[in-house]
Amino acid sequence: MSWLLAFPIIIPFATAVIAFLNRDKPTGRWWSVLGSLLLLLASGALMVRVLQEGVVAAQMGQWAAPFGITLVADLLSAVMVVITAITGLAVAVYALADIDTAKEKLGYHALFQVLIAGVVGAFLTGDLFNLYVWFEVMLISSFGLLILGGSREQIDGGIKYVALNLVSTILFLSGVGLLYGMTGTLNMADLSLAVEEVENQGLLTVIAVMFMVAFGVKAAVFPLFFWLPASYHTPAFSVSAVFAGLLTKVGVYALIRMFTLVFDHDIGFTHTILLWVAGFTMVTGVLGAAAQQDFRKILSFHIVSQIGYMILGLALYTPLAIVGAVFYLVHHIVVKANLFLVAGVAQRLTGSTDLRRIGGLYKSAPFLGFLFLIPAFSLAGFPPLSGFWAKYLLVKAALDIDAWFIAFVALAVGLLTIFSMTKIWGEAFWKPHPDGVEPKLNKIDRADLWPLLLPIAGLATLTVIIGLSPEPFVQFAERASDQLLNPQAYVAAVLGGAS
Amino acid sequence: MELILASAIGIMTAAGIYLVLRLRTFPVILGISLLTYAVNVFLFTSGRARVGAPPVLRDDITTYTDPLPQALVLTAIVISFGMTAVIVMISLGAFLGSDDDQVNDQPDPPQDRSEGSS
């Protein structure tokens, strides 16, 4: 039983070591693909187990629950691991064509796999300090990936990224210290019981806000998101795709986990802050995007805006809203990573990501245009794609509790998202190329073409599948939301079940 | 003891925040290091400051200090050391690439470029 939880972490680490040893050989990249495939299998097996048996927990080193490190998977963790594996595989395949040998020799594939290991570890851990360690694993590898290649622009973005993330880490650690000082435990399940017995509930709220700020920086919410648009448009496309898909979502996951499991003592206060944060995040993100003229910068600001929707689900804190947040999380990872991958192909064909200097993609590469439209429309919330159902659930949840204003904000932001997507469409696809270049797909080598297009097509198919038959996915999200709002099973699995 | 620890944490945090808010990378690195020291000491005290008490079980001793925060601090020190090394390398790269250590990398002013070419 414990192996099932440990494998999704061990596999990427092992792959990282092998890929690093083979970084000079052409086999290195295939090891990365193989490792990602194995991770997908392992996460699938974990998912099946969680679906059959409910929350699965394992104690590392056989130290019983509140003392040792616990790995635990409920439905939310399991689905996040599966979606991480899918994105990881898509990006690993894409990287076959996107990453040149110079970057491979610097250890791109090893860093990438360590990043995946960090993300998976953060989703699976049941211990707050262990979560900090996974954050750091993730951050160190993401610094490496961010500045790989070492152009001046990358380093400039990298410094802001490093500095702001370290400040958030420091806040996180102080929160951990305060929480340990008050409760004497760092096991999340144990904490959820222990915080109820704390006398000084006011200080607990202060700690909750510290965690909110610390995870908020990672999740890039208003007003803490400035590092994201400063850095995400600089690295290689496969790197920005995996960052866009996964990194901020770890912050959102941590917020959802902590604010449903541990900090649910003063919902009127903490979740009202979250509601304001969600509203401002949505609006500032989408307005920031409207002002940009670069393919990837627009997409980066949209990450911020979309994070707002997920926080909105958490902030409303009704069962339906959490369903919406979980659904949105899964949908968003697929769609956002895909859009960055499309941007990579577009850059390859037209020579730039600056929308003023490119064009003509629809005429000469209509297939790419089609592949762009699916995630773009899904992001904006067009029926019948996955984004429509995600937004529908959240807006309905808001209307159910008469939160008219935030529902209006969510819908208006959706409209502005369409504006940005049509801007990309009009500039990059419809308008003729200003330099008269004909960006035909056969400009790319055949050997490079399928690794570029296959992941995009695969992720787009997933978006369409979720969109056309949302029923099983919504049912799944309902079960996940039920587990989050009634954490007794989670607590019992961690503290009661010795395995 | 509490006073010394508390004021040490306070002074280091204050100095750290001041330095982090500068616009040059070298003070920012120093500031982040100071903040990490502060938070490490803070984490250490979260297990209560107790002088002269052992952290491991022994015969005929009744007061112990909590060993867990010490283990946590050890981990945090190692990680922050690694982080500092990474950020020093990145900033060094930025410094060598642009000849100044401004956090915001400014593009070269046009007159400099024309001077360089002439």
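The values are calculated or read from the model by the stated rules, or taken from the named source; none is laboratory data. Everything quoted here is computed from the prediction, not taken from an experiment. A quick note on method: Cβ atoms are made from the backbone with ideal geometry, for glycine too, and the neighbour counts reach across all protein chains shown. What goes into the accessible areas is simple: the full protein's heavy atoms, side chains included, and nothing from ligands, DNA or RNA. Shrake-Rupley method; radii C 1.70, N 1.55, O 1.52, S 1.80 Å.
For chain B, what is the relative contact order in percent, using Cα pairs closer than 8 Å and at least 6 residues apart in sequence? The partial results should precede the final answer.
On the way: 97 pairs, mean separation 27.7, N = 118.
After rounding, I find 23 percent.
Can you pull the one-decimal nm distance between simple spin-label points at residue A:405 and residue B:62, each 7 Å off the Cα toward Cβ?
Placing both labels 7 Å beyond Cα along the Cβ direction yields 5.9 nm.
Using DSSP to call loops (not H, G, I, E or B), can you name the trypsin sites (Lys or Arg not before Pro) in region B:10-100 whose Cβ has at most 16 other Cβ atoms within 10 angstrom?
Here the trypsin sites (Lys or Arg not before Pro) that fit, given the DSSP loop and packing criteria, are B:22, B:48, B:50, B:58.
Once you place label points 7 Å from the Cα toward the Cβ at residue A:419 and residue A:63, how far apart are they in nm?
The answer from the label model is 5.4 nm.
Along the Cα→Cβ direction, 7 angstrom out, place labels at residue B:18 and residue A:469. What is the inter-label distance in nm?
Taking the simple label geometry, residue B:18 and residue A:469 are separated by 6.5 nm.
For a label point 7 angstrom out from the Cα of residue A:445 toward its Cβ, which stretches of region A:117-159 have the backbone nitrogen within less than 17 Å?
So the set is empty, nothing qualifies.
Give, in whole angstrom and from largest to smallest, the semi-axes √(5λ) of the equivalent ellipsoid of region A:266-468, with λ running over the eigenvalues of the Cα gyration tensor. Please report the intermediate quantities before stating the final value.
On the way: eigenvalues 229, 58, 30 Å².
Listed largest to smallest, the semi-axes of region A:266-468 are 34, 17, 12 Å.
Could you pull out the trypsin sites (Lys or Arg not before Pro) across region A:371-447 that fall in loop regions by DSSP (anything but H, G, I, E, B) with no more than 15 other Cβ atoms inside 10 Å? It would help to have the intermediate numbers written out before the result.
On the way: sites: A:391, A:396, A:423, A:440, A:443, A:446; in loops: A:440.
Sparse-neighbourhood loop trypsin sites (Lys or Arg not before Pro): A:440.
Quote the relative contact order of chain A in percent (integer), defining contacts as alpha-carbon pairs under 8 Å separated by 6+ residues.
Details: 854 pairs, mean separation 85.0, N = 499.
That works out to 17 percent.
Could you state how much accessible area residue A:450 has, in square angstrom rounded to the nearest 10, with a 1.4 Å probe and all protein chains kept in place?
Approximately 130 Å² of residue A:450 is accessible to the 1.4 Å probe.
Over the alpha-carbon set of region A:97-245, divide Rg by the Kirkwood Rh and report the Rg/Rh ratio to two decimals.
Numbers: Rg = 17.4 Å, Rh = 16.6 Å.
So for region A:97-245, dividing Rg by the Kirkwood Rh gives 1.05.
Counting only heavy atoms of protein chains, what accessible area per residue, in Å², does region A:129-268 have with a probe of 1.4 Å? Spell out each step's value before the answer.
Numbers: 3260 Å² over 140 residues.
That works out to 23 Å² for each residue.
Within region A:419-460, list the residues whose amide N lies under 20 Å from a label point set 7 Å along Cα→Cβ of residue A:370.
Under 20 Å, as judged by backbone N against the label point of residue A:370, lie A:425-426, A:428-431, A:439-444, A:446, A:449-460 of region A:419-460.
On a 0 to 90° scale, report how tilted helix A:386-400 is relative to the longest principal axis of chain A, with both axes built from alpha carbons and the result rounded to the nearest 10.
Approximately 40 degrees, to the nearest 10.
Could you sort out which of A:363/A:443; A:249/A:391; A:105/A:160; A:297/A:336 sit more than 22 Å apart by Cα distance in this structure? Mind showing how you got there, number by number?
Working: A:363/A:443 14 Å; A:249/A:391 17 Å; A:105/A:160 26 Å; A:297/A:336 13 Å.
Where the Cα-Cα span goes over 22 Å, the pairs concerned are A:105/A:160.
Working out 0.36 nm times the residue gap between residue A:461 and residue A:492, then minus their Cα-Cα distance, what length gain in nm do you get to one decimal?
Working: separation 31, 0.36 × 31 = 11.16 nm, distance 3.81 nm.
Separation in residues times 0.36 nm, less the Cα-Cα distance, equals 7.4 nm.
Against the longest alpha carbon principal axis of chain A, how many degrees, from 0 to 90 and to the nearest 10, is the axis of helix A:188-197 turned?
Long axis of A:188-197 versus the principal axis of chain A: about 50 degrees.
Report ³J(HN,Hα) in whole Hz for each residue of region A:472-487, in order, from the Karplus equation J = 6.51 cos²θ - 1.76 cosθ + 1.60 where θ = phi - 60°; Gly and Pro get x.
In residue order, the calculated couplings are x, 6, 5, 4, 4, 4, 5, 5, 4, 5, 4, 5, 5, 7, 10, x Hz.
So how tilted is helix A:319-350 from the main axis of chain A? Cα-based, degrees 0 to 90, rounded to 10.
For helix A:319-350, the angle is close to 30 degrees.
Can you give the Rg to Rh ratio for region A:418-499, taking only C-alpha atoms and Rh from Kirkwood?
Working: Rg = 22.8 Å, Rh = 17.9 Å.
The Rg/Rh ratio comes out at 1.27.
In Å, what is the Rg of the alpha-carbon atoms in region A:175-270, and how long is Dmax?
Looking at region A:175-270, its Cα Rg and Dmax stand at 15.8, 50 Å.
Assuming R0 = 22 Å, what is the FRET efficiency of residue B:92 and residue A:105, from their Cβ-Cβ distance, to the nearest 0.05? Display every interim value, and only then the final one.
Working: r = 21 Å, r/R0 = 0.95.
My answer for the efficiency is 0.60.
May I have the convex hull volume per residue, in Å³, for the Cα set of chain B? Don't skip to the answer; put the middle values down first.
Details: hull volume 11.5 nm³, N = 118.
Taking only Cα atoms, chain B has a hull volume of 98 Å³ per residue.
Apply 1/(1 + (r/R0)^6) to the Cβ-Cβ distance of residue A:34 and residue A:10, taking R0 = 22 Å, and write down the FRET efficiency to the nearest 0.05.
Taking R0 as 22 Å, the efficiency between residue A:34 and residue A:10 is 0.95.
For residue A:291 and residue A:151, what does the FRET efficiency come to when R0 = 25 Å and r is the distance between their Cβ atoms, rounded to the nearest 0.05? Please report the intermediate quantities before stating the final value.
Working: r = 24 Å, r/R0 = 0.96.
For R0 = 25 Å, the calculated efficiency reads 0.55.
If you scale each eigenvalue of the Cα gyration tensor by 5 and take the root, what three semi-axes come out for region A:15-107, rounded to whole angstrom and sorted largest first?
On the way: eigenvalues 204, 54, 17 Å².
Over the Cα atoms of region A:15-107, the semi-axes work out to 32, 16, 9 Å.
Can you check what the Kirkwood hydrodynamic radius comes to for chain A, Cα pairs only, in Å to one decimal?
On the way: mean 1/r = 0.0444 Å⁻¹.
Evaluated over chain A, this radius sits at 22.5 Å.
Of all accessible surface on region A:266-468 at a 1.4 Å probe, what whole percent is carbon and sulfur?
Heavy-atom surface of region A:266-468 belonging to carbon and sulfur, 1.4 Å probe: 70 percent.
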